[in-house]
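Written out below as structure tokens is the structure these notes cover.
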């Protein structure tokens, strides 16, 4: 049995800040001087150092100074085999897939390439402070295997599954529904629930799925009701029209997944840029989730996700945030927060009535403002709740797995340190307000350079050079 | 007389890539192995190494290997005294100014603070590859003085001027039209045309200007017709309504500057997000310029600049790109290109007819796609032409000032190097296509870390640690 303790300044979330408009601190837990006790990778105790020190007097304490320690980041939507092709030039979704993505992903049918790619992929994640992902792989079984193998070596919690496409892709890239069923069934047995691995039934997207493929997904979900379901939804206008042309018995994109009984808890649809109010309502009713991928939505020109609509208390939709790397051009969830803030502010202006008076909705406008509390909640506890993994990760509650990140608010582009000195005196943040301002600076002025240490299940797996 | 030569891989522009749709290479000059000869800071010769080597056989040659050397970046719109306050949380333009900006800018009335700020400001610029700026200062004369003094010490070409505001700001921040006239007149005499300094008549923005102040600007321009005029235009919907309420004899924002005879060559209006087609036409006819500040437009939620409309050959508007730091949250023009690409792609989707068929305009849609050639032209030669300083800077033509940047395509976030290895073999780019792909990677996957060396007037002022 290994027990250890970390002392430092901690910030995490005990509630959804969107439920506390005007008083977000009520959702936030901030310990200027806290102690986190870890036993075999699990949080054993957490609280103010002064209150806990006596109880754990015999333990050696690792002090992490001049940092804000937050829960590890959760990336709800990332494409493992696009690691090398991120930020490729020039197209909207559909032609970009054909030109850059499928040829690169094809390489992951080769075990050696997939293995080497997995090492780079997880190195990038850890350097970005990301400790949990929900990932797409490719249609080659090897690709998914190597993802799980490397995740297991690092003891990281991941959700993934062989990523099926049987339409609108080159022949050399598709997989038949039968092959998919066989490979998935074998992998579920081999990986699901082993260590920290969780398995997701993963039809790539409806534009790349025949009815037979979706029927196979339904069968897999019926046979394995505790599995996750991970896919894309309503990303790009041309894609949506294409989907409705294939699935001409459905009136909207969500309806197509509903038809195959896939929408419910543990279902995540990536993007959702063009979801209708009615689709938001049905997703909310069913306890399903949407992943907001702002870097990608801007990079591919998909559109502006309606953050303030998704967070409407009338039909609150569970949200994860995701890089969508390589449709997103950055690996870091801090860059995701930067672009999420920008999307939110564009929506904020659209909805404040200053452009078109009849479009004014001040409450929805306000919900688009991504405060640092809303932001960091979304990539920690909020993401965990949306993915139904909050029993494992998301905050520093006792019993959860000890995944966390130590953030250096002075690191980043050369401009950042002097900026941070405007927000906080020497000695670091003393109040939750100050911590919030530093977190905002980290997401808007800095980048993954702010990630100084990344810990997974109580082990430090990354320290910035 | 000091003469030196640089050998390396060079890329610059000899024409506007928007004029060469489908054949942008025609606008680009790419030398795999080039030689740049510099005499007293001025380009004396430039061409393929093989062709020039004999002519300059006696010169010692500095070899810059594994880099792409491009002209120094031009930031057409930046706020010197906002260096420390960049990326401050949470508001659209007008409340953000009151809460964060005016209190910080006020400090620059103190010479010591302004001096120290200027050192940091130029350090940040050079680390970002920016060698020329058109800058706002504050309403305190000291602030402008210290900007020019520090620029002179570094021999950098800057355009700036005391930044006048006499309305909609706290009393302690405004300047009267008389004080402005006196200070500007004194500074024009002292700085304009001295070394590489150029002076701009700088009414901050129409929302902060009485008619008397704009009348004073007109008088200054009449007395000094060779001066630049630098201001803001049509940034935010609420601001525009405010401007038209003050200047109720004008029907649009541009008309107000026109009324005071300020719009013509050497006039630049920052932002222009909400300019009408008619305003674009008048700006084009008059040879004036607009600065596209995408980081800021997203950060403050101002809106999406209509890049494809501004570049319509029917009424081509001269464009500079700018950080608008601190309304923009980044110092680096590479981040500006990242966000400019994203704004362009959002517009591209809006205009391709896939959302609303009646809004389809395929030519305008295409003009929104910021290829790497359009991008780097815009922050070098294109920016120089828009600011009417292309006789001095912008590309490697003989006779121009030797400002340039050596870019390392492998630097940046940890993901970048492997990505770059997909685009180019060992040995670097051999073709203009490969160079373009690397430049795109530098702007979308990397950031200011790609800037390895920055040279100003033939002297290396920055080398990455």
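Every number in this text was worked out from the coordinates using simple rules, so none of it is lab data. Not measured: the values here are computed from a predicted model. With ideal geometry, Cβ positions are generated from the backbone for all residues, glycine too; neighbour counts draw on all protein chains shown.
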Q.
Can you give me the C-alpha center-to-center distance between segment B:21-88 and segment B:343-392, rounded to a whole angstrom?
A. 23
Q: Could you tell me the convex hull volume per residue, in Å³, taken over the Cα atoms of segment A:8-141?
A: 191
Q: State log₁₀ I(q)/I(0) for segment B:4-45 at q = 0.21, 0.23, 0.32, 0.33 Å⁻¹ as given by the Debye formula over alpha-carbon point scatterers of equal weight, solvent excluded.
A: -0.71, -0.77, -1.00, -1.02
Q) How long is segment B:354-465 along each principal axis, judged by its Cα atoms, biggest number first, in Å? A) 54, 40, 24
Q | Calculated label separations, residue A:55, copies of the chain, 7 Å along the beta-carbon direction, nm | A | 7.9
Q | Closest approach to the axis - chain A beta-carbon, rotation onto B, Å | A | A:447, 4
Q: Normalising by the residue count of chain B, find the relative contact order in percent from Cα pairs under 8 Å and 6+ residues apart.
A: 19
Q: For n ≥ 4 DSSP H runs only, could you compute -39500 (n - 2.57) per run for chain A, divide by its residues and tell me the 222 nm figure to the nearest 500?
A: -10500 deg cm²/dmol
(Q) Relative contact order of segment B:309-369, please, whole-number percent, based on alpha carbon pairs below 8 angstrom and at least 6 residues apart. (A) 27
Q: Could you tell me what percent of the DSSP beta bridges with both partners in chain A are antiparallel, to the nearest 5?
A: 45
(Q) For segment A:82-386, I need the span (max minus min coordinate) of the C-alpha atoms along each principal axis, in Å, sorted largest to smallest. (A) 56, 45, 37
Q) Where does each of B:236-246, B:394-404 land if you order them by average Cβ count within 10 Å, highest first? A) B:394-404, B:236-246
**Q.** Distance between modelled label sites at residue A:223 and residue B:1, nm, 7 Å Cα→Cβ extension
**A.** 8.4
Q. Rounded to the nearest 0.05, what FRET efficiency do residue A:61 and residue A:194 have when you use their Cβ-Cβ distance and R0 = 35 Å?
A. 0.60
Q) When only C-alpha pairs under 8 Å and at least 6 residues apart count, what is the relative contact order of segment B:126-207, in percent? A) 34
Q. Points 7 angstrom from Cα along the Cβ direction at residue B:278 and residue A:359: gap in nanometres?
A. 2.2
Q: Over all alpha-carbon pairs in segment B:286-406, figure out the percentage whose distance exceeds 17 Å.
A: 59
(Q) I'd like the distance separating the alpha-carbon centroids of segment A:196-249 and segment B:393-465, in whole Å. (A) 42
Q) Using the per-residue mean of other Cβ atoms lying within 10 Å as a proxy for protection, in what order, highest first, do the peptides A:428-441, A:138-151 fall? A) A:138-151, A:428-441
Q) Hey, got the average number of other protein chain Cβ atoms within 10 angstrom for residues in B:335-343? A) 4
Q | Residue-averaged beta-carbon neighbours from other chains (10 angstrom radius) around B:352-358 | A | 3
(Q) Give me log10 I(q)/I(0) at q = 0.06 Å⁻¹ for the protein assembly as shown, Debye formula, one equal scatterer per alpha-carbon, no solvent. (A) -0.41
Q) So how do B:110-116, B:447-453 stack up, highest first, on mean other-Cβ count within 10 Å? A) B:447-453, B:110-116
